[in-house]
Each structure stands twice: as C-alpha cells, then as structure tokens.
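The values are calculated or read from the model by the stated rules, or taken from the named source; none is laboratory data. Keep in mind that this is a model prediction, so the values were computed, not measured. In this analysis, Cβ positions are derived from the backbone assuming ideal geometry, glycine residues included, and neighbour counts consider all displayed protein chains. Ligands, DNA and RNA are stripped out before the accessible areas are found, and what is left, the full protein with its side chains, is counted by its heavy atoms. Shrake-Rupley method; radii C 1.70, N 1.55, O 1.52, S 1.80 Å.
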Amino acid sequence: MSRMINVAYYTFLEMVRNKVLYVLFFFALFIFGIGIAITQMSIGDVVDIISDTGLATIEMFSTVLAIFLGISLVQKELSLKTLHPLLSKPLSRTEYVLGKFFGMIFLIIVEIIFMSLIFLVLLYFYGAPGRLITYIPAIYTIFLQTSTIIAVAVLCSTLTEPTVGAMLTISFYITGATSYNLVYAITHRTSENVAKVINTLRFILPDFSHFNIKDNLVYGKGLEGLQIGFASFYALFIIVIVISLSIIFFNAKEIN
Amino acid sequence: MSKPIELKNVSKTFRHPMKVWDKVEAVKDLSFSMENGEIVGFVGHNGAGKTTAIKMIMGFIWPNSGEIKVNGKDPGDQEVKKTIGFLPERPYFYAQLTGMELLNYFGRLCGIKGSLLKDRSEKLLRRVGIFDDRNRKLSGYSKGMLQRIGLAQALIHDPQLVIMDEPMSGLDPIGRREVKEIIRSLKKEGKSVIFSSHILSDIENLSDRVLIIENGVKKHFGTVSEIIPPDRIRYKIEFDSPNEMKDAAFALFKGIRVVSERFIIDCDDLDDFNTKLSAIVEKGYPVLNAGGVLPSLEEIVFTTENTEVKQ
C-alpha cells in the first residue's frame, strides 16, 4: 500500500511540474474569459451563463488533461525506459498501475479544486458566491466522469502507443458523451426489433448522461434522489473493470 | 547458500521487427551461474543478447525455455528484488524530479525511510560525485550525470547483487575510473556484481570471470586466463637498424613492418621465432624486444573463426 502511495505521489509531482499542464491551464482561463465576454452580449441571467460556461470549462479542461496526460502515463515510461529501474525495486506491477492511476486522480482533484476556486471568484464578482455550494454535486460528477476517462487512458497506455491510445480514449469519451442521445434518436426512428438490439447495446457502451447533472442545477431543475449515488456507483463500476483489465494486461506484458 | 544468478538452458525468441511471421533468437540455450562475491563481466557485440539476458534475469521479460534463478528464487519475486540493484543501459529518469527526490522515491519503494534514507542518499550522491547537483532537476543532468544517479539508485537499498548494463557508457575517463572503483569496492563489501561492457579492457581489469556471448550463444565463460589459452601465444621480434642496413632489413623476411621506426616481425611458432631471431642477431641488427605475447581479450572476442562453445 505504501509503495502504491509512493508511486502515486511521485507521479503527481512529476506531472504537476510538467509545462504542458500550465499551457492547458492558461487555455482554460482563456475559455473562462470568453465565457465572461459572451455574457456581455447575451440576453438572460448572467450568473446562469457564467455557471454554464464555468462548469463546461472545468469539464473540458479535466477531460483534456485526463486524455493527454493519462495516455502517456505508462507509455512514456516504457519508451523512455524509466520503468526498468522502477520495476527492479520491490514494487509489483499491480502496485505500479494503481499508483499511476491514483497519481493522476490526485492531479485531477487538485486541478478541479483550483478551477472551482476561480469559478467561485467569478460567481463572487457577479454577486452569487453561494451558488458554488449548489454546484458541488455537478463538480463531483465531472470528477467521476473524468476518473473513468483516466482509467481508460491508463488501460490504453498499458496496451498501445500514445497516438493510438489517445484516439481510443477520445473515442471512449465521444461514445460516452453521445451514446444516450444517439440511442434515443435511433430507437425512436427504427423498428421495434432494431430498437431492442440498440437498447441492449446501450448497456455495453459508456453513458455519461449518468454524470450530467449540471444542466439540472444551473437551470434550477433540482436533483433526483439517487442520481449522485448511482453516478458514483456507475463510475466505480467502470473504473474497477477497466483498471482490473489494465493490471491483467500489464502483468502479462514484457517490458522491453 | 544459493547462487546469486543461475541460468539453465535459457532461450528467448522475439518476433522479427519487420517480418511478423519470422522470429529472431536473441538468446540460445544460455547456461551459467555466478558465485557469491564475484564480479562477472558480460561481453558481446551489439545485439549479441547481453541486454536480453539481463532483462530476463531482472524479470522484465520471460524466457521461452529454460530456468532462471536469482538468489535461488524466480526473477521478479518481491523478496529477490530487495537484494538486487539494477542500473539499466543509458538510464533515463523522471525529468521533473531532482536527484535527491529520485533517491527518496526509489529508497522508499525499498522500505527505507527517514534519516536512514537521507543519510544513505547523501552518502551515495557523494560517492558517485553529484552531491552538489542533488537539488537540480534531472532534466538538467548530462548523460554522465544520469549514469551516476543511475548508479546511486541501484545501490540505495544496499543490495547484495548488483546488475549493471553498460555502466561505463557515457562517462568520461575520470567517471569511468570512479565507476570501476565503485565496482571494486562493492566486491570488497562482499557483494556480487555482473556488468556488461563494450570496453574489454575494463572487463579484463575488473572481472573475476568473463561471459562472452555471440549471436545469443555462449562463447566462453571463465577467468581471463582460461579464456586466453596459452597455445594462442604469439611471438614477435622488434629490432632496430642502422640507416645503411635498412633496405637489407626489409629483405630479411617477408611481412616485416615498421612502427615508430622499429622493425617488427611476427612469427608463426616458437621454431619460427628462434630461426628468425638467430638470423637477425647474426646479421648484426640490435634486438629491441623479443618474446611471446598473449592475445588480448578483445582479440579473442572479436576473432570470428573462434566460435566453439566452451562450457
């Protein structure tokens, strides 16, 4: 356990000092800025627009970070051969994969907290700082969704090279983000039998609609009782399966 | 007491990088074992199978056949790893960490903590000569410095067996001398060391036994004197010549060459040596040097016709 925490800590430390992180961070601030600029030209509640843009930016930034840092987590170590001295120490491959995953999770937690603070400052500036409390469930589900993306990025990182890994992880994200609407659209425009097949397929495909509660919160629709609980369970379910697969593949992999 | 490393009929095959249906035999039927407290030098051309063998010993890759035991256990066993220090070829470490952080990271993985870890890290950084750079990020380290921090991380947990893949590569002559001293001091501490190198003089100077591998096959394994057999002694005569006798000197025998104004003639055997030496003395040429010379390890390794496998 302590070895896994050690790997997680140094993974976090290595990534938090990565210049790419700061480039992405400034990009996120830029998006925030654009959001504010749009409020000046829009009709409607400014706080709603700020909230919508803010949550969307947190989600987008977390997703980009999860994909582009996540896919290089193991692959970079394989290609640079930093893995050899590490695995020569009394560290199991399982501890290594888990350490890498939790290191990345730790980075995302810090990033989300940091972005939320900026978000809070904006809400304060527009006279609604108390709204952030309302949005905590939405930020939490963004974290859950990002965690599943990190898990898939780790899996891809143990299996294939970064470019292919990035494409597979992006495909996972796109599938997750669109599957609900896609299935809904198809099943309402096709025969009953095809609709049954598509509905069955829906259980195999990732479905990020379970994490999408921000619209409900921003526009005051409220939360359904078990939505957060189910989202947590759903994320955990995906993570356990995907990380287990990562561990199985990585244990069977020859480290050349 | 179990042997530090024991390989029995180990073979490893890879897929051909260009033709996926073809296979490349990187290591073929390799057997050897090393004793506690000895230094084994691992020699071979690029692609001879040295690194593949080391990776199998480390448990990074697995043999297709044969058996490997490290300190009596399977490679990759967590208990075994506590007793092994490993320096990879051309080591590269986390660019954003400092030298000290890297040693803290790897030391903690080995269960070392607190003041013991700090003391050991500082001592090792001094030993490998990069103490003053301990708080610099590894991205700013030169190739030689990375080699040195690599050596420090390999020794952080005071291992009984040290495995080094090309430990001298990337180092300047002073660095090479320092690494050689470290290897010698490890032996004095009773540790076993196996290292690969292209620099055969280093292997010759440091190793108790030498393992020579060619195309994945063991060519020789033994002490330097066992590997260089006495019957391969070469006889050579060096002589001087007054200016007026130089033309005549070239006419004495076929194959005379001049190096640094010295006439040198190689002899086929002892009889040939005696005949030629007598002729040179008889003609009045001053003999500068004459006698038998053993071939160097380098000549043995790179003599292509010598391909027999010595068990």
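What to note about this one:
- Residues that are part of a helix (DSSP H, G or I), at the interface with chain A (Cβ under 9 Å from one of its Cβ atoms) and over 20 Å from B:GLN160 (Cα atoms), drawn from the stretch B:68-103: B:GLU101, B:LEU102
- Extreme residue, nearest to the other protein chains (Cβ to nearest Cβ), among residues of the stretch A:1-38 that are of a type in the set (Val, Ile, Thr) and within 19 Å of A:ILE58 (Cα to Cα): A:VAL16
- Residue match in the stretch B:40-59 (condition: free of Cβ contacts under 8 Å to residues at least 60 places away in the same chain and open to solvent by less than 20 Å² (accessible area, probe 1.4 Å)): yes
- Number of residues in the stretch A:145-193 that are within 19 Å of the chain's Cα centre (by Cα), open to solvent by 30 Å² or more (accessible area, probe 1.4 Å) and aliphatic (A, V, I, L, M) equals 6.
- The residue that is nearest to the other protein chains (Cβ to nearest Cβ), among those in the stretch A:40-51 that are over 21 Å from the mean Cα position of the chain (by Cα) and assigned to a helix (DSSP H, G or I), is A:ILE50.
- Failed criterion for B:SER201 (all others in (1) over 13 Å from the mean Cα position of the chain (by Cα); (2) exposed (fewer than 14 other Cβ atoms within 10 Å of the Cβ); (3) in a helix (DSSP H, G or I) hold): (1)
- Among the residues of the stretch B:104-118, those that are hydrophobic (A, V, I, L, M, F, W, C) and more than 9 Å from chain A (Cβ to nearest Cβ) comprise B:ILE112, B:LEU116, B:LEU117.
- Residue match in the stretch A:197-216 (condition: surrounded by 14 or more Cβ atoms within 10 Å (Cβ to Cβ) and at pLDDT below 75): yes
- Selection from the stretch B:185-198 of residues that are without any contact (Cβ under 8 Å) to a residue 60 or more places away in the chain, part of a helix (DSSP H, G or I) and open to solvent by 40 Å² or more (accessible area, probe 1.4 Å): B:LYS188
For (1) of a type in the set (D, E, K, R); (2) in the same structural domain as B:GLY216 (by TED's automatic domain parsing); (3) in contact with a Ser or Thr (Cβ under 9 Å, 6 or more places away or on another chain), each residue gets a yes or a no:
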site: B:GLY49; (1), (2), (3): no, yes, no
site: B:MET58; (1), (2), (3): no, yes, yes
site: B:ILE61; (1), (2), (3): no, yes, yes
site: B:GLY66; (1), (2), (3): no, yes, yes
site: B:GLY72; (1), (2), (3): no, yes, yes
site: B:GLN78; (1), (2), (3): no, yes, yes
site: B:ARG126; (1), (2), (3): yes, yes, no
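- Considering only residues in the stretch A:53-95 that are hydroxyl-bearing (Ser, Thr, Tyr) and facing chain B (nearest Cβ under 10 Å), the one that is most open to solvent (accessible area, probe 1.4 Å) turns out to be A:SER79.
- So A:ALA28, is it at pLDDT 85 or above and in a helix (DSSP H, G or I): no
- Matching residues, the stretch B:249-272, being among the basic types (Lys, Arg) and under 12 Å from B:LYS236 (Cβ atoms): B:ARG257, B:ARG262
- When the residues of the stretch A:96-126 are filtered to those that are of a type in the set (Phe, Trp, Tyr) and open to solvent by 30 Å² or more (accessible area, probe 1.4 Å), the one that is farthest from A:ILE50 (Cα to Cα) is A:PHE102.
- Residue check for A:TYR9: open to solvent by 40 Å² or more (accessible area, probe 1.4 Å) and free of Cβ contacts under 8 Å to residues at least 24 places away in the same chain: no
- Taken over the stretch B:29-67, residues that are modelled with pLDDT of 90 or more, of a type in the set (Val, Ile, Thr) and outside any helix (DSSP H, G or I) amount to 3.
- Failed item, numbered, when B:GLU6 is tested on (1) touching a residue at least 40 places away in the same chain (Cβ under 8 Å); (2) in contact with a helix residue (DSSP H, G or I) (Cβ under 9 Å, 6 or more places away or on another chain); (3) open to solvent by 20 Å² or more (accessible area, probe 1.4 Å): (2)
- Here is the figure for the stretch B:119-148: residues that are surrounded by fewer than 18 Cβ atoms within 10 Å (Cβ to Cβ) and either within 11 Å of chain A (Cβ to nearest Cβ) or within 26 Å of B:VAL80 (Cβ to Cβ) (or both) total 5.
Yes/no matrix, rows are residues, columns are (1) under 27 Å from the mean Cα position of the chain (by Cα); (2) of a type in the set (S, T, N, Q); (3) in a helix (DSSP H, G or I):
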{"residue": "B:TYR105", "(1), (2), (3)": "no, no, yes"}
{"residue": "B:GLY111", "(1), (2), (3)": "no, no, no"}
{"residue": "B:LYS118", "(1), (2), (3)": "no, no, yes"}
{"residue": "B:SER121", "(1), (2), (3)": "yes, yes, yes"}
{"residue": "B:GLY129", "(1), (2), (3)": "yes, no, no"}
{"residue": "B:GLY144", "(1), (2), (3)": "yes, no, yes"}
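- When we screen A:ALA37, A:ALA8 for residues that are in a helix (DSSP H, G or I), under 14 Å from A:ILE105 (Cα atoms) and of a type in the set (A, V, I, L, M), the only hit is A:ALA8.
- Checking B:GLY114, B:GLY99, B:GLY37, B:GLY76 one by one, the residue that is closer than 30 Å to B:ARG15 by Cα and either touching a residue at least 40 places away in the same chain (Cβ under 8 Å) or open to solvent by 10 Å² or more (accessible area, probe 1.4 Å) (or both) is B:GLY76 and no other.
- For the stretch B:149-179, taking the residues that are charged (D, E, K, R) and at pLDDT 90 or above, the one that is most open to solvent (accessible area, probe 1.4 Å) is identified as B:ASP158.
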